[in-house]
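Encoded as structure tokens, the structure appears first; notes follow it.
Derivation of every value follows stated rules applied to the coordinates shown; laboratory data play no part. The structure presented is a predicted model; accordingly, all values stated were derived computationally and were not measured. Every residue, glycine as well, gets a Cβ built from its backbone with ideal geometry; the counts of neighbours run over all protein chains shown.
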């Protein structure tokens, strides 16, 4: 837990440095170069390059697998016989209107996933399923009702779940564990 806290603090510091660098770069105008001269030598630091490099490092860390699991992937709909249309992790989030995505602050628009309590609420996962998307599918655990390492992808309709998801063994990466 101490190591996760340290990683979180380091990420916050990186983001703060990035924000400061971006503000400095954005506030500069034609009269001020985006360089800082240090030690009276001709060496300089290009703030624009540093900001872009730091931004790339943070983005690549978002998509680095923290763990990998294998389980069955199935599809479910919000109005299934044992479903209430509300998500277990966000009980006031009603999905009976057909929505099957969630806007995450770090990962953007992601698919809603049900899992067992093996994966904490807010966990971000990535898996490949060509019938759903040519790109990797990014999902967030917002619901329960599945056993072990299996995952259940919320679908907009039963027909979609049957035609494009079905039941298949899938290996998936955990990109974020819980709401960290």
### Query
Within segment 137-159, how many residues turn out to be touching a strand residue (DSSP E or B) at 6+ places or on another chain (Cβ under 7 Å) and surrounded by 15 or more Cβ atoms within 10 Å (Cβ to Cβ)?
16
#### Entry: In segment 92-111, the residues that are closer than 17 Å to residue 135 by Cβ and without any contact (Cβ under 8 Å) to a residue 60 or more places away in the chain
100, 101, 104, 108, 109, 110, 111
